[in-house]
Amino acid sequence: MRLDKFLGDQNIGTRKQIKEYIKNGRCHVNGEVATKPDVHINEDTDIITFDGVELTYSRFHYYMLNKPVGVVSATRDGKNETVLDLLASENVKGLSPCGRLDIDTEGLLLLTDDGDLIHKLLSPKKHVDKVYEAHLAKELSQDDIDRLEKGLDIGDTNDDGSIKMTLPAKVEVLSPDSEGRPVIHLIIHEGRFHQVKRMLEAVDNEVLFLKRLSMGSLKLPSDLPCGEYRPLTLEEINELKN
Ligand code: URA
């Protein structure tokens, strides 16, 4: 396997960053400084270090994307740009978005080829926390907040036809945005279709702008601009898996 592929697989950086890191002498193969990204290594027997730390091979890839509005959370789409198009230069096969954000929603999206992790994070039984920033058409009353927090009817039903209420959620009211619109953080533990928008609709309000800030332990870093992505750090991967 090529050294740059090995380092990419270990989430050291994007292809472009890795080229630069190798140029700067940060990677060693069997004690010798590596100078070429395309040198072939044996991932089972060679000792590869990055900044002096030995790397053990893992075959999965993990990226976080700050999804922009106008891009769809799908692997393919006949019409719109997809989140996978934004990572095309990584040349990683089998990546999928972990869940979906609507085309007009911004923010944190995990993309990985680790199907077990996707399954675990999306499982309705796991109740992984998701924090959304929502800019609203009007202020919430205390009664609206109580209803959102307690759980409410957003039009879903259980298999037996009974109403499927949303699970208890948490609302934090923030300062209004620059256009004077009310802003909240809504913390939910499910991932139903258009859930945040439908919860706000159920209290006779409207979401005018929506951004996901976190999913489980994974947080959108303030220095990751909209439309940009980066590999997860080993610490982030381990926290998510646990
Ligand atoms: N809830 C929504 O309504 N839309 C999203 O994109 C995510 C959560």
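Only the coordinates and a few stated rules stand behind these numbers; no lab work does. This one's a predicted model, so the numbers in the text were calculated from it and none came from an experiment. Neighbour counts are summed over all protein chains in view; Cβ atoms, including those assigned to glycine, are modelled from backbone coordinates with ideal geometry.
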Practice problem: Among the aspartates and glutamates, select those whose C-alpha is under 18 Å from the C-alpha of K93, and discard any that sit fewer than 8 residues away in the same chain. | Solution: D4, D9, D77, E81, D85, D113, D114, D116
Quiz item: Dipole size in debye (nearest 20) for segment 129-215 around its Cα centre, Lys and Arg Cβ +1, Asp and Glu Cβ -1?
Solution: 280 debye
Quiz item: Per-residue HN-Hα couplings for segment 226-238, Karplus 6.51 cos²θ - 1.76 cosθ + 1.60 at θ = phi - 60°, whole Hz, x for Gly and Pro?
Solution: 4, x, 9, 9, 8, x, 5, 7, 4, 5, 4, 5, 5
Self-check item: Cleavage-rule hits (trypsin sites (Lys or Arg not before Pro)) in segment 1-68: DSSP loop, at most 14 neighbouring Cβ within 10 angstrom
Solution: R59
Quiz item: Under a 5 Å amide H to amide H cut-off, with H placed in plane at 1.01 Å, what residues pair with D156 once short-range neighbours are removed?
Solution: K164
Quiz item: Along the Cα-to-Cβ line of K219, 7 Å from the Cα, sits a label point; which residues in segment 88-130 have backbone N less than 16 Å from it?
Solution: 108-109, 129-130
Quiz item: With point charges of +1 on the Cβ of Lys and Arg and -1 on the Cβ of Asp and Glu, referenced to the Cα centre of segment 3-55, which listed residue (L55, T14, V29) lies farthest in the positive direction of the dipole?
Solution: T14
Practice problem: Amide H neighbours of H61 under 5 Å, at least 5 residues apart or on other chains, H built in the peptide plane: list them. | Solution: D113, D114
Practice problem: Report the one residue of V128, L234, T45 whose Cα lies farthest in the direction of the positive end of the charge dipole of the chain (charges on C-beta: Lys and Arg +1, Asp and Glu -1; origin at the Cα centre). | Solution: T45
Exercise. Mind listing the long-range amide H neighbours of F209? Cut-off is under 5 Å, sequence gap 5 or more, other chains count too, H placed in the peptide plane at 1.01 Å from N.
Key: H135
Exercise. With a cut-off of at most 10 other beta carbons within 10 Å, and DSSP calling the residue loop, which GluC sites (Glu not before Pro) in segment 64-132 qualify? Please list them.
Key: none
Self-check item: Per-residue HN-Hα couplings for segment 83-93 [Karplus 6.51, -1.76, 1.60; θ = phi - 60°; Hz; x = Gly/Pro]
Solution: 4, 5, 4, 5, 10, 4, 5, 6, 6, 9, 7
Exercise. If a/c stays under 1.5 just call it rounded; otherwise compare a/b with b/c (prolate if a/b is bigger, oblate if not). Do that for segment 3-55, with a ≥ b ≥ c from the square roots of the Cα gyration tensor eigenvalues.
Key: rounded
Quiz prompt | Whole-Hz couplings from phi, Karplus 6.51/-1.76/1.60, listed for segment 131-141; x for Gly and Pro | solution = 10, 10, 9, 10, 9, 10, 6, 8, 5, 8, 7
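So which of K79/K138; K16/K219; K19/K125 end up more than 31 Å apart by C-alpha?
From the list (K79/K138; K16/K219; K19/K125), the Cα-Cα distance tops 31 Å for K79/K138; K19/K125.
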Quiz item: Stokes-Einstein D for the chain at 20 °C, 1.002 mPa s, Kirkwood Rh over Cα pairs, in µm²/s?
Solution: 108 µm²/s
Quiz item: How large is the charge dipole for the chain, taken about the Cα centre, if only the Cβ atoms of Lys, Arg (+1) and Asp, Glu (-1) carry charge, to the nearest 20 debye?
Solution: 480 debye
Quiz item: What percent do you get for the relative contact order of segment 1-61 when only Cα pairs under 8 Å and 6+ apart count?
Solution: 40 percent
Practice problem: List the relative contact order of the chain as a percent without decimals, with contacts defined as Cα pairs under 8 Å and 6+ residues apart. | Solution: 21 percent
